[in-house]
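Everything below concerns the one structure shown next.
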Amino acid sequence: MTKALSIKGLRKVYKGGFEALKGLDLEVEEGDFYALLGPNGAGKSTTIGIISSLVNKTAGEVKVFGYDLDTQLTELKRQIGLVPQEFNFSQFEKVKQIVVNQAGYYGVSREVAYQRAEKYLTQLGLWDKRDQPARALSGGMKRRLMIARALLHEPRLLILDEPTAGVDIELRRSMWDYLQQINQQGITIILTTHYLEEAEHLCRNIGIIDAGQIVENTSMKKLLSTLNTETFIFDVEQAQPDLQLAGFNYRWSDDFTLEVDVDKSAGLNKVFEQLTAHGCQVISMRNKANRLEELFVDLVEKGRK
Amino acid sequence: MFNSTGFIALKTIWIKECTRFLRIWVQTLVPPAITMTLYFVIFGSIVGDRIGQMGGFTYMEFIVPGLIMMSVITNSYSNVASSFFSSKFQRNIEEMLVSPVSTNTIIMGYVGGGMARALMVACIVTLVSFLFVDVRFAHVGIIVLTVILTSMIFCLGGLINAVYAKTFDDISIVPTFVLTPMTYLGGVFYSVSLLPDIWQKVSMVNPILYMVNAFRFGFLGVSDVNIGVAIGVLVIFTLVFYGVAYQLLQRGVGIRS
């Protein structure tokens, strides 16, 4: 099967000498929902910028569905729909005009563009706003407008650079549903996000990038399975300063909140057994942090050592 | 150069550009009419009556082509410079950069939009001039050719300026410090034959002189310079500016990191 994205030895040195990418290699399968994660300044946006030809590369090879960035740029561009991190449409143009114009740049006739505009703006809940200038939209609507705009030429690869930044939870979840839906219809999706819960919820495969290099590239399932220890927070009814939990690392974050590191092999039953034996009533329990977040921090730190 | 995809993209940019300046017609189409009316009243009627004849024509007749040309130059330049720079500033130029639109299409789309505004303004100013003088049309073909080439040159100039511009101030520097002096010294209000020899020679390096005189030849049938040379200068400037604009956009100067 042709790879949706194939990157080999990608380097980018900006004016002034900063090396943003240091020979990055990356492959994304067709139909995948892929998360590209990394701390700020890791090189995510530079990578996306190069793929979408907004940034000139210094060296390396980029192919999208087999089309080479250097020799088949026009065809390569047709395959990609880009949802950038920052709003980059004219604030004075009307919503419908923005998406129809974008289709025009890809050679889609006006007639077809208007039909598609109705389809995608309706799907994204913006059809009612079609005759409003973009500046009149809320932040969430602007994000959805950028998704509609990116889909109008019906690309095979959709790249979303932090699409849910600053979007409320309800809207974020509706965007997740929509992205899952179009992924099931066959569109390959690459997503960068700072919400690791989002990546865990949506993506099948994951690449972690740090200091211009990929430090991990695997399936989400495999990555999460490498997590040996999870931290749980127990809210208890009464303070128990003398509590002893044999075989576990634990600490009191306040008089009524106990944090316990639980090894996968140990399980939670043993924790409850000991708490019950001490007469400690547990009111509620939750994970301390997102599982992926722990792995992410761990992998990035390891890569820097 | 274009297949149907390229043509649709070109049409899209052109319509977008025309929509932009028509949406703000009070700022784009009305001011030239007011400015030119003032020029006609002050320089044509009040001052012109005391000047008498110039080149065998009334002073009002003499300055009409130059004033129309002045509007064409200003509007061509400012339309493309401000529109392209705004696209850079708001980053919606990226909409085109990520798409398969070719560099030629981008240039032609913006230049086409600028020319549409400039030609519309030229028509408005010509209509205004009818209120003050009996305008003649000696060589319509020369008028059309000159106005098209001049507009194209300054649209390309505005595009090049916008490519390099980093702030809105940067797109007002050239019109203020270069275009306005060159236009005033380009024979809009006088015949260069009135100047001392040395200043006549200096004037010959001013490309706007050729534009104004070619245009005046189209209206009145007289020119301070050879009409063939004037058209040749316009063609050369068009080609050079197009080449420069193409190279800059192709390399992504000011628009790609």
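Taken together, the criteria place residue B:61 among residues that are of a type in the set (Asp, Glu) and within 21 Å of the chain's Cα centre (by Cα). Against the list (1) surrounded by fewer than 23 Cβ atoms within 10 Å (Cβ to Cβ); (2) touching a Leu at 6+ places or on another chain (Cβ under 7 Å); (3) away from chain B (no Cβ under 14 Å), the condition residue A:144 fails is (1). Screening A:12, A:77 for residues that are charged (D, E, K, R) and assigned to a strand (DSSP E or B) leaves exactly one candidate, A:12. Report whether or not residue A:46 is over 30 Å from residue A:135 (Cβ atoms) and polar (S, T, N, Q). No. Counted as qualifying within the range B:146-221 are the helices (runs of 4 or more DSSP H) with 1 or more residues that are surrounded by fewer than 16 Cβ atoms within 10 Å (Cβ to Cβ), namely B:170-174, B:180-184, B:197-203. Listed by first and then second residue, the pairs linking a residue in the range A:106-121 that is more than 11 Å from every other protein chain (Cβ to nearest Cβ) to a residue that is assigned to a helix (DSSP H, G or I), with Cβ atoms under 6 Å apart and 6 or more places separating them unless they lie on different chains, are A:117/A:96; A:117/A:99; A:117/A:100; A:120/A:148; A:120/A:151; A:121/A:127; A:121/A:148.
Just to be sure before I move on: is residue A:174 small (Gly, Ala, Ser), more than 30 Å from residue A:9 (Cα to Cα) and assigned by TED's automatic domain parsing to the domain that holds residue A:65 in the structure I sent? Yes. None of B:87, B:82 is assigned to a helix (DSSP H, G or I), without any contact (Cβ under 8 Å) to a residue 60 or more places away in the chain and among the polar types (S, T, N, Q) except B:87. Summed over the range A:134-179, residues that are among the charged types (D, E, K, R) and part of a helix (DSSP H, G or I) total 9. Across the range A:34-56, the number of residues qualifying as touching a Leu at 6+ places or on another chain (Cβ under 6 Å) and either modelled with pLDDT of 95 or more or not assigned by TED's automatic domain parsing to the domain that holds residue A:77 (or both) comes to 0. Among the residues here, residue A:102 qualifies as within 11 Å of chain B (Cβ to nearest Cβ) and surrounded by 16 or more Cβ atoms within 10 Å (Cβ to Cβ). Answer with yes or no whether residue B:244 is closer than 30 Å to residue B:101 by Cβ, at pLDDT 95 or above and not aromatic (Phe, Trp, Tyr). Judged against the criteria, residue B:244 is a match. Here residue A:48 meets the list (1) more than 15 Å from residue A:217 (Cβ to Cβ); (2) among the β-branched types (Val, Ile, Thr); (3) part of a strand (DSSP E or B); (4) in contact (Cβ under 8 Å) with a residue 60 or more places away in the chain almost entirely, failing just condition (3).
The values are calculated or read from the model by the stated rules, or taken from the named source; none is laboratory data. This structure is a prediction, so every number in the text was calculated from the model and none was measured. Note: ideal-geometry Cβ built from the backbone for every residue, glycine included; neighbour counts use all protein chains shown.
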